[in-house]
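See below for the structure under consideration.
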Amino acid sequence: MSPAFAQRGRTVPRAVLVRRIAECLIGATLLVLTGCVSRPVGDDTPRLEIVTLNLWHDREDWPQRQAMIEAELRRLQPDAILLQEVLQDEALPNQATTLARRLGYHAFFVSVDPVGRARRYGNAILTRAPATQRGFRRLDPHEAYRIAGWVRTTVRGRQVNLYVVHLDFEDRSGATRARQIADLLSFVDATQGDAPTVIGGDFNVTANAPELARLRERFDDAYAAAHPGIAVEDIAHATLNPRFNPPARIDRVYAGKGAFARPEARRILDAPDAQGRWASDHYGVWTRLRFAPRESAER
């Protein structure tokens, strides 16, 4: 009979004790080994929350629409807000700057219109933390009057590049958008450095369009990844408000491949208020991206 040892008021045979010690040693070894591979993404993983929204400039009672948009953004408190169709003129302070001031964000507005002009129209990036770098590029061809904005900022200790864009809609062939995508990616290559990258905005075409092929090679459609199996023509996921436009999912957030994991995404501002007023002729898109572990992103 094996000698016995006391354990919490009872005796444990030596053989049982030895087996338990061996199991503990094996478990500890496995913990050390698993530390050498990528850990699963957990709830404590740093995350980035983004909203993209086409403001529809000053159409349809902007003061009331502003109140709706502001209330939803205040509720969500995303890390960054990407805005398109931002307007300012003599009677209207810059819409993005106004929202940023009221919400406590930093705003970066870009436009092809000269800085000194009273009426300017363009895109904007709002961030909680100030930008460490920022810039813009007027997209080719210049006669299409499109521009991309870029901000590098810090979110929960991580550097991240944010780009906002609003692509052409007049050239139904897609050739103009293809040139703009090529120009946008060239701009990304020139500015992103080694920080992860997110591109968001109004692409004026569905996600499967041929002219977006180069974008799809390098970036994941976060909404599609969060809702696997959705069809391109599924109007249940459209971002064009059918009250004003034929429905289609043209507002999207693209995340750099390998830099993020487990996306979540949903539409926002997709219902009228009690008076039947809509926030915009587009729905907004809220996206949460979890940063991939640093070792995985580096690989």
Checklist entry - Which one of G193, G135 is more than 20 Å from E85 (Cα to Cα) and either at pLDDT 95 or above or not assigned by TED's automatic domain parsing to the domain that holds T98 (or both)? => result G193
Checklist entry - What number of residues in region 239-266 are in a loop (DSSP other than H, G, I, E, B) and more than 14 Å from T52 (Cβ to Cβ)? => result 11
Checklist outcome for this item: Residues of region 57-102 being touching a His at 6+ places or on another chain (Cβ under 6 Å) and under 22 Å from R156 (Cβ atoms), in sequence order, are none
Checklist entry - Is one or more of the residues making up region 166-185 at pLDDT 95 or above, buried (at least 20 other Cβ atoms within 10 Å of the Cβ) and part of a strand (DSSP E or B)? => result yes
Checklist outcome for this item: T197 passes all but one of the listed conditions (1) crowded, with 21+ Cβ neighbours inside 10 Å; (2) of a type in the set (V, I, T); (3) over 18 Å from D79 (Cα atoms); the exception is number (3)
Checklist outcome for this item: How many residues of region 233-287 are of a type outside the set (S, T, Y), within 22 Å of V198 (Cα to Cα) and surrounded by 18 or more Cβ atoms within 10 Å (Cβ to Cβ)? The answer is 23
Item to check | Qualifying residue in region 56-72 (condition: within 30 Å of A292 (Cβ to Cβ) and surrounded by fewer than 23 Cβ atoms within 10 Å (Cβ to Cβ)) | outcome: yes
Item to check | Residues of region 69-102 that turn out to be under 21 Å from the mean Cα position of the chain (by Cα) and either polar (S, T, N, Q) or outside any strand (DSSP E or B) (or both), as a count | outcome: 17
Checklist entry - If you scan region 267-292, which residues turn out to be assigned to a strand (DSSP E or B) and either among the hydrophobic types (A, V, I, L, M, F, W, C) or touching a residue at least 40 places away in the same chain (Cβ under 8 Å) (or both)? => result I268, H282, G284, V285, W286, T287, R288, L289, R290, F291
Checklist entry - Of all residues in region 152-165 being basic (K, R) and in a strand (DSSP E or B), which is modelled with the highest pLDDT? => result R152
Item to check | Failed condition for L240, given (1) of a type outside the set (F, W, Y); (2) touching a Lys or Arg at 6+ places or on another chain (Cβ under 6 Å); (3) free of Cβ contacts under 8 Å to residues at least 60 places away in the same chain; (4) under 25 Å from L99 (Cα atoms) | outcome: (2)
Item to check | Residue pairs meeting the criteria (Cβ under 6 Å; at least 6 apart or on separate chains; first in contact (Cβ under 8 Å) with a residue 24 or more places away in the chain, in region 182-197; second buried (at least 19 other Cβ atoms within 10 Å of the Cβ) and part of a loop (DSSP other than H, G, I, E, B)) | outcome: D183/L139; P196/A259
Item to check | Enumeration of residues in region 208-237 that are of a type in the set (A, V, I, L, M), closer than 17 Å to E264 by Cα and over 17 Å from the mean Cα position of the chain (by Cα) | outcome: I230, A236
Item to check | Tabulated pairs, region 94-123, first without any contact (Cβ under 8 Å) to a residue 12 or more places away in the chain, second of a type in the set (G, A, S), C-beta under 9 angstrom, 6+ apart or interchain | outcome: R101/A107; D113/G122; R117/S111
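The values are calculated or read from the model by the stated rules, or taken from the named source; none is laboratory data. What you see is a predicted model, and the numbers here were worked out from it, not measured in a lab. Here Cβ is always computed from backbone atoms with ideal geometry, including for glycine, and neighbour counts include all displayed protein chains.
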